[in-house]
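Trainee: Below: one structure in structure tokens.
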Amino acid sequence: MNSFRTKITSLTVSIGIIICIAAVVFAFSISTLPALAASGEEAGDSLIVGVPTDRCPVFYLNADTKEITGIGTDLMRLAAENAGYSVSFKAVEEETLKDALDNPSYDLIMPFGSAIPSSSGKASIVSDNIMRTPFTLVTADSRSIRKFNDLHVGMLSSLAAGAETVRQMYPGMEISLYETMPECVKALRSGEVDALLHNSYVWSYVLQKPSYSDLTVQPTAMFSMDFRAGTPDTPEGQAIIARLNKGIASLSDTQRQAVILDHTSRKLYQYDLSDYIYQYGLAIIMSIILVILLAVITVQRIRAVKKSHEEKMRQLMDYDPMTGLYNMNGFRKRVEELLRTHPDAPYFLSYNNIRDFKFINDSLGREAGDELLKFWAERSAENLSEEDEAIGRIDADHFAVLRHIVEEERMREDEINVLTPVHDFFIDQGKEYRVQICSGIYVLTPKDFRNIDVDHMLDLARVAEKRVRDSRKGAFEFYNPEQWDKGKRIAEIINYLPAAIRAGDIQVWYQPQVNYETKMITGAEALCRWDHTKLGWLYPFDFISTLEEAGLIFDLDTFVWESVCRDLHRWNEQGEHRSVSVNVSRDDIRDDRDISDHFLNLVRTYDLTPDQLHIEITETAYVENPEILISTTEKLRTLGFQVEMDDFGSGYSSLHMLKEVPVDRIKLDLHFLTASGDREKSRIIVRNITRMINELGMNMIAEGVETEAQADFLKNIGCDEMQGYYFYKPMPVNEYEKLSGQIQENR
């Protein structure tokens, strides 16, 4: 029994000792646990926190260091340090915080108002509230706000997570998300949304923008949202949040207010160019306008000074200082300019001087002579057109004038207005001396326009003036009298052409072409007759060459071509399908003018067939410019037009040309039969030409047939188609229509 008690006692002692040891160990463990934990935290656990950087002053980039800072970052840094973390911040690159939750490179994302799922649907866990962020509504005016549940609110798309929290708080509120603040403001101003929602700290920054001065913060519409950090709901995330919450709990209100005050009191908003323009726009615009005006005035002044300088130099170089007229140099340049500008105008050039001018200077004084010259210059200049005529003082008392060839009435006016007053200049002053002027006149020829040599023209006018001066007779002399008459006629033709075409003074007549075998009309040639208002009826030889020299033949020819097409169209509508030959001048065909297209457009316009127009081109034209004429002929034939070589045998015929030129019909000029010379030889030549043309496969028509004997001879050698006065003279269109109708009835 005693031994049993002894065993029990020993066991009890042993258990007590074990319990005491365990208690000591437990107590030691409890006492060292915080130290171990502290040693683990001090080891340097770090967090990477993803934040948006467009929410100044909550999150923004420091302008100097380019580091992320703000109210949110400073509070997170304090809470993290209290929890034993070192923290770094990284700008969120994703469009929304929900997208950022799916990015494993962030340990935490902020700010969240509450836990929301990520874009991929992962659950999240959020920290305790770091601070309360007041959210404020902003409107475009000071109107009162309806109930929150009835509003349509705009928010930044980067606040999508916060929008989820707002929807939970106000289920009836409609929220639209926008990428940028300017888009939000635009939607607000346009009435697309009722208000914009953001935290009041951000509004305190944003509304510093001058152009947003019309926006109004609604102070009665404030509500607060939690400002939390979030991370995916995983064991690791839960551990971070649990530990962070301890640091958040240790934050004091004083610390929070100090951080908020620090950032909201800073002047963070920086003006951009648009802000300066908005705020100082009027001043900027006025300054720019002032600068531009000053620049324009300066440039204009510089130009004016330069122009004045140039004008003075030009006056010295080109003008006579006493009379104000051109000097020799200026007159030469002005004449060259006018002749190039008006190559079709008929001009004459006169060289004039005062007979015995030295006597005037010696007897009446140099001042009197100068006054005479100035008077002559003034009267002459008043009587000329500055636009297309010129006068110059060549030297001393010698004046040169370039003048249009005018009608006799104008010349009489010149005599009354200029010459007579100059003649009587001293008589009108009570001095018994009549001024005599000697004038030599040179009429310009087409060659003078092609090769302009003013000095040469003046020399020729001087020759005529010297004849007047030496003869002591008359007042003027022509260097080439025949050119004067021709020049006046050219002026009357050229100057009246446009008006004559408009008035219908130029008419298209038709000369019938016949088949001598059948006595039927096979076609006609279109010719011109001009009922000139001053010169009476003119025939082609009266004006064609003049218009060719003046470069106006194309104007006449196009009028004729269109008149013929108009007649052909009318005849087609009447059921008469006729053909007409029209003449093409060698001057009509040029490198810069496509005659083929012109004719093609005509037949299309008047609904004709190309075979109704026979294009006559003179034989001499092919000789003068073979390459372009041959290519034009080939193109016309390709388009379906009949091409004829006109005036064949007029003096330039060659077998080589017949081989090279692609034409459909040869129009034989009966010069061989009508000109002087051996008539039998002429018949032999015509007979062989006809046979050769037939063997070449070309058609042939003889023009200028005037006698029955000529017609019989042509028929006997194989040429049936003829044209000439023996059959019909050219006639107006109405007579040609009657003639053709009668022949049709007699068939």
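None of the figures in this text is laboratory data; all of them are computed from the coordinates on show. This is a predicted model, so every value here is computed, not measured. Positions of Cβ are generated from backbone atoms using ideal geometry, with glycine treated the same way; all protein chains shown enter the neighbour counts.
Trainee: Roughly how far apart, in whole Å, are the Cα centres of region 679-701 and region 226-279?
Mentor: 113
Trainee: M181: net charge of surrounding residues, Cβ under 14 Å, Lys/Arg +1, Asp/Glu -1, itself excluded?
Mentor: Numbers: positive: R55, K186, R189, K209; negative: D54, E179, E183, D272, D275.
Within the 14 Å Cβ shell, the charges total -1.
Trainee: What percent does the relative contact order of the chain come to when contacts are Cα pairs within less than 8 Å and at least six residues apart?
Mentor: Working: 1100 pairs, mean separation 56.7, N = 747.
Reported as a whole number, the value is 8 percent.
Trainee: Need one number: % antiparallel among DSSP beta bridges in region 118-204, to the nearest 5. Please list the in-between numbers first.
Mentor: On the way: 4 of 11 bridges.
DSSP beta bridges in region 118-204 are roughly 35 percent antiparallel.
Trainee: Which whole-number percent gives the relative contact order of region 46-270, counting Cα pairs below 8 Å spaced six or more residues apart? Spell out each step's value before the answer.
Mentor: Details: 428 pairs, mean separation 66.8, N = 225.
Across region 46-270, relative contact order equals 30 percent.
Trainee: Which of the pairs K519/K681; K333/K374; K66/K267; K519/K738; K358/K466 have their Cα atoms more than 25 Å apart in this structure?
Mentor: Working: K519/K681 29 Å; K333/K374 22 Å; K66/K267 16 Å; K519/K738 16 Å; K358/K466 17 Å.
Flagged as over cut-off: K519/K681.
Trainee: Let me check I've understood the local charge: for W537, count other residues with C-beta under 11 angstrom from its C-beta, Lys and Arg +1, Asp and Glu -1. What total comes out? Write down the numbers at each step before the final one.
Mentor: Numbers: positive: R529; negative: D505, D531, D542.
Net of charged neighbours comes to -2.
Trainee: Fewest to most neighbouring Cβ within 10 Å: what's the order for K534, K729? The partial results should precede the final answer.
Mentor: Working: K534 8, K729 11.
Arranged by neighbour count, lowest to highest, K534, K729 become K534, K729.
Trainee: While we're on this one: Return the aspartates and glutamates within reach of K534: Cα separation strictly under 18 angstrom, same-chain partners fewer than 8 residues apart disregarded; answer none if there are no such residues.
Mentor: Correct list for K534: E407, E408, E409, D485, E492, D505, D542.
Trainee: Students often get this wrong: which residues of region 304-326 have the backbone nitrogen under 11 Å from the point 7 angstrom along Cα-to-C-beta of D370?
Mentor: 322-323
Trainee: What GluC sites (Glu not before Pro) does region 383-442 have in DSSP loop regions with at most 16 other beta carbons within 10 Å? Walk me through the intermediate numbers first.
Mentor: Working: sites: E386, E387, E389, E407, E408, E409, E413, E415, E432; in loops: E386, E387, E389, E407, E432.
Taking region 383-442 and a limit of 16 other Cβ atoms within 10 Å, the loop GluC sites (Glu not before Pro) found are E386, E387, E407, E432.
Trainee: Under a 5 Å amide H to amide H cut-off, with H placed in plane at 1.01 Å, what residues pair with Y347 once short-range neighbours are removed?
Mentor: I405, L444
Trainee: Among residues other than L372 whose Cβ falls under 14 Å from its Cβ, what is the net charge (Lys/Arg +1, Asp/Glu -1)? Mind dumping the intermediate values first?
Mentor: Working: positive: R355, K358, R366, K374, R379, R393, K431, R434; negative: D356, D362, E367, D370, E371, E378, D397, D424, D428.
Computed value for this residue: -1.
Trainee: Among DSSP bridges having both ends in region 46-270, what percentage is antiparallel? Round to the nearest 5. Don't skip to the answer; put the middle values down first.
Mentor: Values: 20 of 35 bridges.
In region 46-270, approximately 55 percent of DSSP beta bridges are antiparallel ones.
Trainee: In addition: Would you grab the residues whose amide H sits under 5 Å from the one on E525? Only those 5+ places off in sequence or on another chain, please, with H modelled 1.01 Å from N.
Mentor: So E525 has HN proximity to Q511, Q513, S581.
Trainee: Once phi is turned into θ = phi - 60°, what whole-Hz ³J(HN,Hα) does the Karplus curve with 6.51, -1.76 and 1.60 give for every residue of region 657-669, x standing for Gly and Pro?
Mentor: 5, 4, 6, 8, 8, x, 10, 9, 9, 9, 9, 7, 7
Trainee: Just subtract the alpha-carbon distance of D262 and S579 from 0.36 nm times their residue separation and send over the number in nm, one decimal.
Mentor: 103.9 nm
Trainee: So for H456, H263, fewest C-beta neighbours within 10 Å to most, what's the order?
Mentor: Working: H456 12, H263 21.
Listed from fewest to most nearby Cβ atoms, that is H456, H263.
Trainee: Are there any helices in the chain, counted as whole DSSP H runs, that stretch 27 Å or more along their axis by Cα and score at least 0.5 on average by Kyte-Doolittle, and if so which?
Mentor: On the way: long enough: 2-41 (59 Å, 1.29); 273-318 (59 Å, 0.57); 481-503 (33 Å, -0.48); 553-573 (30 Å, -0.38).
Counting only whole DSSP H runs, the qualifying helices are 2-41, 273-318.
Trainee: Mind listing the phi-derived Karplus ³J(HN,Hα) values for region 111-123, rounded to whole Hz, using 6.51, -1.76 and 1.60 with θ = phi - 60°, and x for any glycine or proline?
Mentor: Those phi angles translate into x, 10, x, 7, 5, 9, x, 6, 4, 8, x, 6, 6 Hz.
Trainee: Now, a different point. Once phi is turned into ³J(HN,Hα) by the Karplus curve 6.51 cos²θ - 1.76 cosθ + 1.60 with θ = phi - 60°, what whole-Hz value does each residue of region 51-68 show in order, with x for glycine and proline?
Mentor: So the Karplus estimates, Gly and Pro as x, are 9, x, 10, 10, 10, 4, x, 6, 9, 6, 8, 5, 4, 8, 8, 6, 8, 6 Hz.
Trainee: Here's a follow-up. For the charge dipole of the chain, defined by +1 on Lys and Arg C-beta atoms and -1 on Asp and Glu C-beta atoms about the Cα centroid, which residue among Y736, M131, S144 has the Cα displaced farthest towards the positive pole?
Mentor: Result: M131.
Trainee: In addition: How high is the relative contact order of region 559-614? Use alpha-carbon pairs under 8 Å, at least six apart in sequence, and give a whole percent. All intermediate terms of the calculation are to be shown ahead of the outcome.
Mentor: On the way: 38 pairs, mean separation 26.6, N = 56.
In percent, rounded to a whole number, it is 48.
Trainee: Rounded if a/c is under 1.5, else prolate if a/b is larger than b/c, else oblate: which is region 490-742, with a ≥ b ≥ c the root eigenvalues of its Cα gyration tensor?
Mentor: Working: a/c = 1.36, a/b = 1.28, b/c = 1.06.
Rounded.
Trainee: Turning to a different aspect of this structure: Tell me, E562, E93, E525 in order of fewest to most beta-carbon neighbours within 10 Å?
Mentor: Arranged by neighbour count, lowest to highest, E562, E93, E525 become E93, E562, E525.
Trainee: I would also like to ask the following. Considering only DSSP beta bridges with both partners in the chain, what is the antiparallel share in %, to the nearest 5?
Mentor: 60
Trainee: Given H placed 1.01 Å from N in the peptide plane, which residues other than close sequence neighbours of I175 have an amide H under 5 Å from its amide H?
Mentor: V153
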